[in-house]
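Just so you know, all these numbers are worked out from the coordinates, no wet-lab data involved. Just so it is clear, the structure is predicted and the values come from calculations on it, not from any experiment. Here the Cβ positions follow ideal geometry from the backbone for every residue, glycine too, while neighbour counts run over all protein chains shown.
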Amino acid sequence: MALEFDVSSCVRATSKFSECTKCVDICPVSTIEFVDNIPAFTPSACVECGGCVGVCPTESFSLTDFSVINFFFETMEKKRDRISCSVDVPCLSIFSVEELISFALASSGNIVLDMSSCSYCCAESNRLSRKVEENIEEANFVLSAFSNKKIVVDSSFKSVEIDKDEVDVADRRSLFSLKGIVKSKKEFDEAVLEDDLKEFALDIDTISRIKNKKIPDRRKLLFSLLKREERPKVYEVLAQEDLSFTSQKFVDESCTNCQICYRICPTGALSSDLRFSVINFDAMMCVKCHLCHDVCEPNAIQLQAGFEIKEFFEPTQRTLAKFNIERCNECGNYFTYKGGVKECFRCKIEEEEAIELHANAKKMDF
């Protein structure tokens, strides 16, 4: 397997104001770093754990030869209720909270996660095991709001004999121990390339793909499974800080309708109409990437204190803000009208600049 990165899906590529650091924070060997605000990594140093795959809200990272969605359907087809780290998957950290919930909902009984390998697999850094435990706790907390299913952890220690070759393969910092015996010039060149920092640029093609709104596959999977679930008699409200993968929002009066939030939202959770007179929000499309908050200059977008579980079963598009849209008397373009002269922001600035230039010209005449 090898780590792959789609820069067009990354929220940091979408805006320089993004504060997302999840991929860097989870990496157990600190091979991921930011170069010009965009993630970069050294392939030969990557341990291929998939932790960055699991935490990325927009699924920018992936592993070749392993798809969580494919693994999900294979597991369900075989009616398996146990998943073992380092045996079935690279690492349990590759699963997001949404995917863990999906496994639980699709299983006939409780799903069991075997974490017995974590004692030696995560010996160098406990970031991965800690994240797995946090994800399981959150997934079970969400499940308890509408289902009696849960994720069971098996951490019973098992003595595992690891031979020298396995240890060498695990030592990904060593170029030649990772690649084994280099038998040809071609293999040597490929090994050297893997030891170089892999950077990603914002070319024209990437920028055009950034504009495409895309809902992550894990969200589509969860939504499909929730449709099959029996609706609870009473919908609970969960504290927003207890949910890492979605949110509910509100917009306060400081909003200027600058349009940045819904133009930049990677999934289309925030949207507007053709006249840009409203800000709509769909919680089931929100991945809580925080990008809309990062780019909002007046900090008008706020997280709602509670998340209503009803959104899982009866998703609704809510209108967070409405604006009075009028035509500018000067340029004829539509703008957000707040009273007074019907003059858009641009024309107002141009008029103020013209008045200032005229005043300066009169001073120079004297």
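Full extension from Glu356 to Ile207: what is 0.36 nm times the residue separation minus their Cα-Cα distance, to one decimal in nm? Please list the in-between numbers first.
On the way: separation 149, 0.36 × 149 = 53.64 nm, distance 3.84 nm.
So the extension gain works out to 49.8 nm.
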Worksheet, complete the sentence: Note on the chain, DSSP bridge orientation, antiparallel percent to nearest 5 equals 75
Worksheet item: Over the alpha carbons of the range 198-284, what is the largest minus smallest coordinate on each principal axis, giving the biggest first in Å?
Response: 50, 40, 27
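Between Arg130 and Ser224, what length in nm is gained on full extension when 0.36 nm per residue of separation is reduced by their alpha carbon distance?
31.0 nm
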Practice prompt. Compare the peptides 291-300, 41-50 by average per-residue count of other Cβ atoms within 10 angstrom and give them in order, highest first.
Written response: 41-50, 291-300
Practice prompt. Per DSSP H run of n ≥ 4, the term is -39500 (n - 2.57); total these for the chain, divide by its residue number, and report the mean residue ellipticity at 222 nm rounded to 500 deg cm²/dmol.
Written response: -9500 deg cm²/dmol
Worksheet item: In nm, to one decimal, how far is the Phe34 label point from the Ala145 one, both placed 7 Å along Cα→Cβ?
Response: 3.0
Worksheet entry | Listed residue (Val132, Phe250, Cys265) projecting farthest to the positive dipole end of the chain, Cβ model | Phe250
Worksheet item: Between rounded, prolate and oblate, where does the chain land on the alpha carbon gyration tensor, with a ≥ b ≥ c its root eigenvalues, rounded for a/c under 1.5, else prolate if a/b exceeds b/c?
Response: oblate
Worksheet, complete the sentence: Taking the range 1-144, the whole-percent share of alpha-carbon pairs separated by over 28 angstrom is 18
Worksheet item: Going down the list Lys131/Lys213; Lys233/Lys310; Lys131/Lys214; Lys149/Lys220; Lys131/Lys220, which pairs span over 18 Å between their C-alpha atoms?
Response: Lys131/Lys213; Lys131/Lys214; Lys149/Lys220; Lys131/Lys220
Worksheet item: On full extension of the chain, what length is gained from Asn333 through Arg231, given 0.36 nm per residue of separation minus the C-alpha to C-alpha distance?
Response: 32.0 nm
Item to complete: Calculate, axis by axis, the spread of Cα positions in the range 1-41 along the three principal axes, and write the results as whole Å, longest axis first.
Response: 29, 18, 15
Item to complete: Give the relative contact order (percent, whole number) for the chain; include only Cα pairs under 8 Å separated by 6+ residues.
Response: 17
Discussion item. Calculate log10 I(q)/I(0) of the range 251-366 for q = 0.11, 0.19 Å⁻¹, where I(q) comes from the Debye formula with a single equal point scatterer on each Cα and nothing for solvent.
Written reply: -0.50, -1.03
